[in-house]
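Novice: Quick one: the structure is below, and I'll ask about it shortly.
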Amino acid sequence: MGPVALKKTIPNPVEKATQEKLNSDTHVHLYFAKRPCFDPRQMRYLRACFFVCAPLFFSPCRSLAQTPDPYQVGDAFSRTPVSIQNPRIHPLTQKIARGLGTLRGATAVFLGSKEGIGYFSTAWHVCAERNSCVGSQIQTEVSREPLRVVETIYSDPSIEFTLLKVVPESRNSRIFSQLIAPSFSEEIKKGMPLVIFGYGGHKNPNKRLTQGGDAPCRVLSKTNEMRLVFSPNDLNQTGKRTWSLSVGCDLSPGDSGAPVFSKETAKVIGFVWTGKIPKLEEVQSDKRVFFLSSQNHPKVWSEFNYIVPVKAINQALKKTGLGRLE
């Protein structure tokens, strides 16, 4: 018998594809049977990728969250609402609030009354023109009845001070008996803790009366030091220098004319007139504020908020010839 010729078999394409799929499935099953779904050796690569890639995706959100507050001094912008109707209000706080009102979006302070006429003060730039506030109304905390400005008694940009004569809308009103004028003190000490009451609008959309007195809210300039300075706020330039003290209290537009009290004596030591806007990120730290003040750094007179000392206000009041107010 001669040699037998081997018959070359041609694989069936369907059978070939089926076999390849079976081999592939078998390989996959065997692979996952040997390895867990999350191999610890692979997780380290995922972790590395997360820490490298995540900042690229979330950096816009992070930068937005860290955007400096333009009005913040110290670790946080700290102002809380004040209401004399609150039964839990501190008696001293209530007494202070009973002497305040709002005028043209700024703060006005009751200084006393005489023969049925009331007298309020505010910052000079609120009523920059001599009689620009005449006819305007002051809304106080003690009554819904507004008071009407009838005359400008005194106005001086060098101390950012305006004294206004006001009358009630009703002839029989007893509103002046409900208002309480604050006491003044000319004593100024570096580091003196302070508290401010005013109608600043930052984080205060309803323009309610608020108070602030956190740790940085203190006198930052030297003891009894006053300087003639220009406003560091480009939006509030009078072109004139004003006698000032430097303070670390949180202020915003609407606080112009607001009284600043000593926490120790509860007496007014000055009135708000301006501040640097926006604040440097550097001064948005309690520790940094204390350091700059302790070193008498030049930034104390360029990067914070500024009030007119009571000593200058008292000299102005003597010029009015009003005598003692009730």
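Just so it is clear, none of the values below were taken in a lab; they were calculated from the coordinates. Remember, predicted model here, so these are calculated numbers, not experimental data. Backbone-built Cβ (ideal geometry, glycine too); neighbour counts: all protein chains shown.
Novice: Please arrange ILE307, ILE277 by how many other C-beta atoms lie within 10 Å of their C-beta, fewest to most.
Specialist: Values: ILE307 29, ILE277 18.
Result, fewest neighbours first: ILE277, ILE307.
Novice: Let me ask something additional. Using the Cα atoms of the range 183-316, I'd like the radius of gyration and the largest Cα-Cα distance, Dmax, both in angstrom.
Specialist: Here Rg and the maximum Cα pair distance are 13.6, 39 Å.
Novice: Further, regarding this structure: Could you list GLU129, GLU264 in order of exposure, starting from the residue whose Cβ has the fewest other Cβ atoms within 10 Å? Show your work: numbers first, answer last.
Specialist: Numbers: GLU129 9, GLU264 12.
Fewest-to-most Cβ neighbours within 10 Å comes out as GLU129, GLU264.
Novice: What list of ³J(HN,Hα) couplings, whole Hz, do you get for the range 254-263 from phi and the Karplus terms 6.51, -1.76, 1.60, once you set θ to phi - 60° and write x for glycine and proline?
Specialist: x, 8, 4, x, 5, x, 10, 9, 6, 5
Novice: What number, in percent, do you get for the relative contact order of the range 92-182 if the mean sequence gap of Cα pairs under 8 Å and at least 6 apart is divided by its residue count? List each step's numbers first, then the result.
Specialist: Working: 188 pairs, mean separation 29.3, N = 91.
Value for the range 92-182: 32 percent.
Novice: Work out the FRET efficiency for LYS222 and LYS287 from their Cβ-Cβ distance, taking R0 = 25 Å, and round it to the nearest 0.05. Don't skip to the end; give the middle numbers.
Specialist: Details: r = 20 Å, r/R0 = 0.81.
Once the sixth-power term is evaluated, E becomes 0.80.
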